[in-house]
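Visitor: Below are the structure tokens for one structure; questions will follow.
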């Protein structure tokens, strides 16, 4: 935004979805997450709060990450760093391929993961781009650092322009560099422990969901499963899916409806399992109480109303203000 000017609208090259993202309008999940932030579950301080298994965040190895990041070597800066001021069909159609390997280190069964970076040859290296970040594999959602690897010089030039405003601070780069240099701890402590805890948590959630009659699409990696709630919908529509989602929120349980991810058919929900065992059991308990009883409580907080109100506030903020429309002071 230029100084004193109105914010620029989305460019004509953006899709409808891209335009919504560029405009900053909240998506479907923001309404539910806003309710969770206002009323989060805590076993000691807020046992009746909302249990959040809707946000894809790995909480199983916070203890390991915290212990490693507080070791003395994290505070040591090497002398050399002081010199820096701030420490086949695809090719035919000329399509760009973005390989988002955000869960590449969170494969927890015997499946072998092969990164695109390990391939000897690619159909079109200039149009193949690799992305990764620390948020999922290392449970560092608060450290907003990601990686883009590309051989395309035009893409590099465009991203470098954005980096002027979105570059990673030097101290954060240093901490993460020290963190990644400890290969022995990563390979022998963190990765095995993280994979074991993910597998145990996934098995627990899948088994308990099966006990209450909810099948899932079992996965071999990542932090969540897709669960089939279709038989609990009043009708096979996305309106009924959102109604069920609201009832879950009324029971203080936040999971993610498939509509937010453009699922083809209604009734699928995303449940994150990378959290503590007690929260998973509490999730199942609240699911069972809500899905298998008819005495559902009336709506108390409506996530859609929260979402719509936020959208209206943002749209009003983007509308041009005409002085003749301003009320007298």
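Visitor: Put a dot 7 Å past each Cα toward the Cβ at residue 113 and residue 281; how far apart are the dots in nm?
Guide: 3.0 nm
Visitor: Quick one: length gained pulling residue 16 to residue 62 fully straight, 0.36 nm per residue minus the C-alpha distance? Each step should come with its number before you reach the end.
Guide: Working: separation 46, 0.36 × 46 = 16.56 nm, distance 3.78 nm.
Using 0.36 nm per residue and subtracting the Cα-Cα distance, I get 12.8 nm.
Visitor: Provide the descending list of Cα extents for region 62-185 along its principal axes, expressed in whole angstroms.
Guide: 52, 41, 25
Visitor: Separate question: Distance in nm between label sites at residue 163 and residue 188, each 7 Å beyond Cα in the beta-carbon direction?
Guide: For the pair residue 163/residue 188, the computed spacing is 3.5 nm.
Visitor: Mind jotting down a quarter of the surface of the convex hull over the alpha carbons of region 184-287, in square nanometres, one decimal?
Guide: 7.0 nm²
Visitor: On to the next question. 7 Å from Cα along Cα→Cβ at both residue 218 and residue 120: what's the point-to-point distance in nm?
Guide: Result: 3.6 nm between the two label points.
A short reminder: the numbers here are calculations on the coordinates, not readings from a lab. Just so we're clear, the structure is a prediction, and the values are computed from it rather than from any experiment. Virtual Cβ from ideal backbone geometry, glycine too; neighbours counted across all protein chains shown.
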